[in-house]
Structures are given as C-alpha cells and as structure tokens.
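Trainee: Structure incoming, see below.
The values are calculated or read from the model by the stated rules, or taken from the named source; none is laboratory data. Since the structure is predicted, the reported quantities are computational estimates derived from the model, not experimental observations. Methodologically, a virtual Cβ is constructed for each residue, glycine included, from the backbone with ideal geometry; neighbour enumeration extends over all protein chains shown. Side chains are part of the model used for accessible areas, which takes the heavy atoms of the whole protein and leaves out ligands, DNA and RNA. Shrake-Rupley method; radii C 1.70, N 1.55, O 1.52, S 1.80 Å.
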Amino acid sequence: MTVHAIHHVTAISGEARRVLDFYVGVLGMRLVKRTVNFDDPGAYHFYFGDEAGSPGSLFTVFPWANGRKGRVGAGQAAETALAIPPASLGFWLDRLAAHRVAHELPARRLATLGADGGETVVTFADPDGMRLALATDPRVADLPGWTAGGDAAIPAEHAIRGVFGVTLWVEDAAGAAGLLEGPMGWRRAGAEGTTTRLVADGAALGRVVDVRDVRGFWGAADGVGSVHHVAFRVADADAQRALTDAVTAAGVHATAVRDRQYFQSVYFRAPGGVLFELATDGPGFAVDEPLSALGESLRLPPQFEAHREAIAAALPTLEREPAGA
Ligand code: ZN
C-alpha cells in the first residue's frame, strides 16, 4: 500500500512582514511562493520550504494582519515539528537564543518507541503564538539544505529540511488514527500516555503524526496562531481519486478537486475534526516562475491575473526584504 506522508502544513498567522521575518529571517526557510489565498485574494499566502518547495518540506501561512486570535484545542494540529539533523541541535539552540526566541530545553519525545521515536525536540512559538518544534531526525541529514541567497548565517548542513510531523489534538483519537492506519497507509508505531504515534515508512520528511487523545478539552478555534490544515501527499490525480474514494468509503465527506496551481487538492475533515487535504506532488512551484527566482514576486493564478493591479494594491506592503540573518 502507498503511504501518504505529509505534503504541507498550513497555518494562520498575523502581520505578513513579521511572518517573513520569522520564517525566512530566523528559521531560514526559503519563501518559495508569494501568492494570495485562492479563496480570499485579499490576503497573502506564503509557502516556505526547501530550495524547490519539495512536498514534505512545506510550511505555508495565511497572514491575517487583523485576524482574530485562534485557540488551540481539540480538532486541530496543535504543534508542527520541523526536521533538523541531530548534529544541528546545538546550532539551533544558539540561533534561537541569539534571536531571543523563547524555547523549552531540549527533551526526548516518545523514547519508548525506539527507532520510531526518541527524537530530541525543542519547542517554541512563532511571534503569533503558533506552537512549533525542532525535531532531530537522522533520516534528513542527507537531504540538501537551503542557504538563503548566499547568506552564511545558516550553513546548508544545519538548515531546516522541512516538516518532521504534527501533533493532532482530537477527541476521537481512535477514529483519526484508524483513518491514517487504514486507507492512508500509515503504520501505528506505538503509544505513550495519551499519544499514539503513526509513521509514514519510507518518507524522510513529513513522516510522523502523533494523535493525542484530549477528550474533555475545549474545542479549537481557527485564527491567528493556529494550524488550518494538514495536507498529505498523493502522487498524481489518479492516486488522489483512489485515495479520495477510499477515505469516502471510510465515512468522511470529501470536497471536489480544487486547482491550487502548484498542486491539486481535495479536503475533508478527519474523525476528530482536523481538516485534512490530499495534495498532488506536481506540478510544483516552478510552474509559473524559474526555480532561481521562487518567491521573489507576487504570483497569481490565471483567474486573478486580470485583476492583478487591484489585488496587489490591496495587499499589505512588504517593502523590507527578508533580513536573512
Ligand atoms: Zn493546503
């Protein structure tokens, strides 16, 4: 069975300039696409990732300058962990401290699971309170690291490679884990406390989903500082159709296919309420601008191109270039 590892995680954040300063300037991810929310072209949609924006490397953000604050709770991906090589942990502790990013001390997580757990994590929050972690994973050490525009502040060897995994907070943990383990091809690696770990065997990035049973906890609210959805990889339109049929047969209600320009998407709520997406690996981010210039200018899908001037004028200004240091 094909395993559908994480393709991207999408979150809602605050002011656009501050989002760039943090994800590019502090975390050193590449802005691989500067576009608008296709469902609300009055707002930006930023995609951060590795050099090419490979599936699994992507963390994407809708910046809502005056949006209401989200609330972490049941029915949400409460934390996104980003993967770094184990040898890079010291570098990142120094860098977070140098940029005055408050963080917890490094801790081992799910160490009882042996090869399927035992990563070291450093948890912190972005400027809008989004819960993030850096997680060490030897599987990502050989993946190429992105170094921003010749800036040596983050050597390629220490670069964040992409998404390690997410922690879902749900009331229906059995249902959420069952969907991943069943049609989506994940393997149940074990449990510790109220958390069940599922892994996508064979994937280097986006390979961990921790499902935490938070029965009785308050419900999540979408808003600034919260994850909006988690997308999973499908190879192409045929694979997407097959997996959509399989999850539908398992009882979820999926949307029609939506054209996201860089991939095709289907959405559904998993048991427990977290919004999932099935995103195709292609065509990718070089479909409308050269790889060397990804993220440098505003890209719009064909349906908005005729309104470019009005759309661009209504978007928040990004006059400063990302600090990159
Ligand atoms: Zn998405």
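Trainee: Considering only protein heavy atoms and a probe of 1.4 Å, how much of the accessible area of the range 129-187 is carbon and sulfur, as a whole percent?
Mentor: Within the range 129-187, the accessible surface is 55 percent carbon and sulfur.
Trainee: How long are the semi-axes of the equivalent ellipsoid of the chain, defined as square roots of 5 times the Cα gyration tensor eigenvalues? Whole Å, largest first.
Mentor: On the way: eigenvalues 151, 120, 71 Å².
Each semi-axis is √(5λ); the values are 28, 24, 19 Å.
Trainee: Continuing with this model, one more query. Please give, to one decimal in nm, the separation of the simple spin-label points placed at His253 and Leu318, each 7 Å out from Cα toward the Cβ.
Mentor: 3.6 nm
Trainee: Additional query: Once amide H atoms are placed 1.01 Å from N in the peptide plane, what residues at a sequence separation of 5 or more from Gly190, or on another chain, have their amide H within under 5 Å of its amide H?
Mentor: Under 5 Å from the amide H of Gly190: Arg197.
Trainee: Let me ask something additional. When the dipole is taken about the Cα centre of the chain, and only Lys, Arg (+1) and Asp, Glu (-1) are charged at their Cβ, what size is it in debye, to the nearest 20? Spell out each step's value before the answer.
Mentor: On the way: 29 positive and 38 negative charges, 118 e Å.
Roughly 560 debye, rounded to the nearest 20.
Trainee: Please go through the range 215-310 and write out the trypsin sites (Lys or Arg not before Pro) that DSSP classes as loop and that have at most 13 other C-beta atoms within 10 Å. It would help to have the intermediate numbers written out before the result.
Mentor: Working: sites: Arg215, Arg233, Arg241, Arg258, Arg260, Arg269, Arg299, Arg308; in loops: Arg215, Arg260, Arg299.
Filter output for the range 215-310: Arg215.
Trainee: Okay, moving on. Run lengths n ≥ 4 of DSSP H only: what is the helix-derived mean residue ellipticity at 222 nm for the chain, with -39500 (n - 2.57) per run over all residues, to the nearest 500? Spell out each step's value before the answer.
Mentor: Values: 6 runs with 48 residues, N = 325.
About -4000 deg cm²/dmol.
Trainee: Please report the carbon-and-sulfur percent of the accessible area for the range 3-77; probe 1.4 Å, protein heavy atoms only, DNA, RNA and ligands left out. Before the final figure, lay out each step's value.
Mentor: Working: 910 of 1940 Å².
Carbon plus sulfur share of accessible area: 47 percent.
Trainee: Can you tell me the FRET efficiency between Arg18 and Ala87 if r is taken as the Cβ-Cβ distance and R0 is 35 Å, rounded to the nearest 0.05? Mind dumping the intermediate values first?
Mentor: Numbers: r = 30 Å, r/R0 = 0.86.
It comes to 0.70.
Trainee: Have a look at the DSSP beta bridges in the chain and tell me what percent are antiparallel, nearest 5. Mind dumping the intermediate values first?
Mentor: Working: 50 of 75 bridges.
About 65 percent, rounded to the nearest 5.
Trainee: Counting other Cβ atoms within 10 Å, keep those with at most 11, restrict to DSSP loop, and tell me which trypsin sites (Lys or Arg not before Pro) in the range 124-208 are left. List each step's numbers first, then the result.
Mentor: Values: sites: Arg131, Arg139, Arg161, Arg187, Arg188, Arg197, Arg207; in loops: Arg161, Arg207.
Qualifying residues, ordered by number: none.
Trainee: Tell me which residues come under 5 Å, amide H to amide H, from Tyr44 once H is placed; ignore anything under 5 positions away on its chain.
Mentor: Asn37
Trainee: If I take R0 = 45 Å and measure r between the Cβ atoms of Ala111 and Asn66 in this structure, what FRET efficiency does the formula 1/(1 + (r/R0)^6) give, to the nearest 0.05?
Mentor: On the way: r = 42 Å, r/R0 = 0.94.
E(calc), rounded to 0.05, equals 0.60.
Trainee: Give me the one-decimal nm value for the distance between modelled label points at Asp281 and Ala235, 7 Å along each residue's Cα-to-Cβ direction.
Mentor: With each label point 7 Å from Cα toward Cβ, the separation is 0.7 nm.
Trainee: So with the 1.4 Å probe, I'd like the accessible area per residue for the chain, rounded to whole Å². If you can, show how the numbers build up before the last one.
Mentor: Working: 12910 Å² over 325 residues.
I get 40 Å² per residue for this part.
Trainee: Short version: ³J(HN,Hα) in whole Hz for each residue of the range 199-208, in order, from phi by Karplus 6.51 cos²θ - 1.76 cosθ + 1.60 (θ = phi - 60°), x for Gly and Pro, what are they?
Mentor: Computed from phi, the couplings for the range 199-208 are 10, 9, 4, x, 8, 8, 10, x, 10, 10 Hz.
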